[in-house]
Amino acid sequence: MSDMNLCYASVRDLSDLIFQKQISPVELIDAHLDRISETEAVLNSFITLLADEAREAAKRAESMINRGNYLGPLHGIPVGLKDLFNTGGVKTTSGSRIFDNYIPNEDCTVASKFRAAGAILIGKLNMHQFAYGPTGENPDYGHMHNPWNPEKIAGGSSGGSGSAAASGQCTITMGSDTGGSVRIPSAFCGIVGLKPTYGLVSRHGLTPLSWCLDHPGPMVRTVEDAALSMNVISGFDPKDIASARVTIPDYSQSLNKPIRGMKVGIVKEFFDALIDPEVELVVRNAISHLESLGAELHEVSMPMFEQSQAISGTILMCEAAAYHRELLKLHAEELYPPVRLRLESGLLITAADYLKAQQARSMFNTSVDELYRSVDVLVGPSQPITAPTLLEQSVEINGTRIGTTAAVTQYSRPYNITGTPAITIPCGFSESGMPIGLQIAGKAFDEATVLQIAHAYESTTEWHLQHPPI
């Protein structure tokens, strides 16, 4: 298998090759490091590349496997972590040079679980400063670029994770999602991005943005890769106060089950909102494809959809400002101005407004829970547009100009409010060759159903097999 094929192969295919000793972890890491060398000058996916450390880890993995100590599907697989996941002995910047010399003493829980599964950390990935933005801008370490068109945004805040997975720099990447920061870059970069149920994946050792909205999640190229990643990183963690005590299934077991008879809710308001006609057509075709596979389609209404931006924004701004309050006092002049403005704005929101937003959140969640009485999942576009031009402050949709941040978070924020699982998968391309995503959301802790329906679509289409030109 060529180096390029190794870089775009799935976790399942690579694990089979490693287990059968047809390739070695050393070969696999070298192929990815070569790919990074070829593309990084354009994409700027990484803040810290761990080439030497990854090669040494690959040698250890190869030795273990040759001795018969194979740890499972992730053994020897290259992983990249968004640079707000603490890594023992490796700097963790949270996207800011203020923390350029911060070296944690220990791994976060997610990193620890990846290491225990034999995965190899290849580097720390670029991100919007402090995860506070959906566009992937970073003046300290350079902006992130979309591998389908480097003049376009990779999305944020996990932009480096999106570009790295899409371009074959990493097999598995991890992002964090507070208002869409796993799903936004995944949709714009044409990959799979899963925001798990709140509390299913530990946040211990991650720099917070909003305690009650943050969700770590995998960003990969296939639905099965997401399932295999979830098998490793899910589970109760006493170090995370919000960690849930639930039984963790093998998320890959139900992937190939038919979806005939499953009830798919089409959220009416998602299509009533501003949406590019080309995106709408592609997404509706994708939903029709689910129907051809036997799913039953039902139009449903999310009556508080228009309030979701205000609910999410108020909670997020307050909690982000609270966490970064001392940072604002000591380092305000060093912050990226748009990030500083958002943090300072959060200080102006009253406690009464925050509590009203939490009350509205409860009402919103009750209304969404009601929808799941009649359907198994909710579907709609992942984004109303394809990736905007880098640093574009507003976008035009159907003759209406709207702020870029408001546009790209309108479909993702509702599921941060509910804390329930949501995945984006590639479902087509625009005429200009930019990826378009389908979002599938489900009930709390029902990742298995979300993954099953996503896999049914993916396995009967070929969008996920397309690779960017870079």
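The values are calculated or read from the model by the stated rules, or taken from the named source; none is laboratory data. Since the model is a prediction, treat every value here as computed from it, not as a measurement. Every residue, glycine as well, gets a Cβ built from its backbone with ideal geometry; the counts of neighbours run over all protein chains shown. These accessible areas exclude ligands, DNA and RNA; they are computed on the full protein's heavy atoms, side chains included. Shrake-Rupley method; radii C 1.70, N 1.55, O 1.52, S 1.80 Å.
Values for this structure:
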item: Alpha-carbon gyration tensor eigenvalues x 5, square-rooted, for the stretch 148-189, Å; result: 15, 13, 6
item: Radius, Kirkwood style, for the chain when every pair of distinct Cα atoms is counted (Å); result: 21.8 Å
item: Backbone HN-Hα couplings from phi across the stretch 298-308 [Karplus 6.51/-1.76/1.60, Hz, Gly and Pro as x]; result: 9, 6, 10, 10, 10, x, 9, 3, 5, 8, 5
item: Potential extension, LYS59-ASN398 segment - 0.36 nm per residue separation minus Cα distance; result: 116.6 nm
item: Linear extension gain, LYS257 paired with ARG284, 0.36 nm per residue minus alpha-carbon span; result: 7.4 nm
item: 222 nm mean residue ellipticity, helices alone, for the chain (DSSP H n ≥ 4; -39,500 (n - 2.57); rounded to 500); result: -11500 deg cm²/dmol
item: Amide H within-cut-off set for GLY142, under 5 Å, with H built and near neighbours excluded; result: none
item: In order through the stretch 331-348: 3J(HN,Hα) via Karplus (6.51 cos²θ - 1.76 cosθ + 1.60), integer Hz, x for Gly, Pro; result: 9, 3, 5, 8, 7, 4, x, x, 5, 4, 4, 5, 5, 5, 5, x, 5, 8
item: At 0.890 mPa s and 25 °C, Stokes diffusion of the stretch 1-156 via Kirkwood alpha-carbon radius, µm² per second; result: 151 µm²/s
item: FRET efficiency, ALA51 to GLU291 (Cβ-Cβ, R0 45 Å, nearest 0.05); result: 0.45
item: 3J(HN,Hα) from dihedral phi, the stretch 445-459, Karplus parametrisation 6.51/-1.76/1.60, rounded to Hz, x for glycine, proline; result: 6, 9, 4, 4, 5, 4, 5, 4, 5, 4, 5, 4, 5, 4, 6
item: Gain in span if fully extended, SER432 to THR389, counting 0.36 nm per residue against the direct Cα distance; result: 14.2 nm
item: Computed E for GLN358/VAL42 - FRET, C-beta separation, R0 60 angstrom, nearest 0.05; result: 0.90
item: DSSP-defined beta bridges in the chain - what % are antiparallel, rounded to 5; result: 70 percent
item: Amide N of the stretch 299-334 lying under 17 Å from the label point, which is placed 7 angstrom from the Cα of ASN101 along Cα→Cβ; result: 331, 334
item: Sites THR366 and ALA322 - FRET efficiency at Förster radius 22 Å, r taken between beta-carbons, to 0.05; result: 0.25
item: Nonlocal amide H pairs with ILE23, under 5 Å, H built at 1.01 Å; result: ILE18
item: Cα gyration tensor shape of the stretch 408-470, rounded if a/c is under 1.5, else prolate or oblate by comparing a/b with b/c; result: oblate
item: Share of carbon and sulfur in the accessible heavy-atom surface of the chain [1.4 Å probe, %]; result: 51 percent
item: Residues in the stretch 340-361 that a label on CYS212 would reach, taking backbone N under 13 Å of a point 7 Å out along Cα→Cβ; result: 351-361
item: Rounded accessible area per residue of the chain, 1.4 Å, Å²; result: 37 Å²
item: Nonlocal amide H pairs with ILE397, under 5 Å, H built at 1.01 Å; result: ILE402
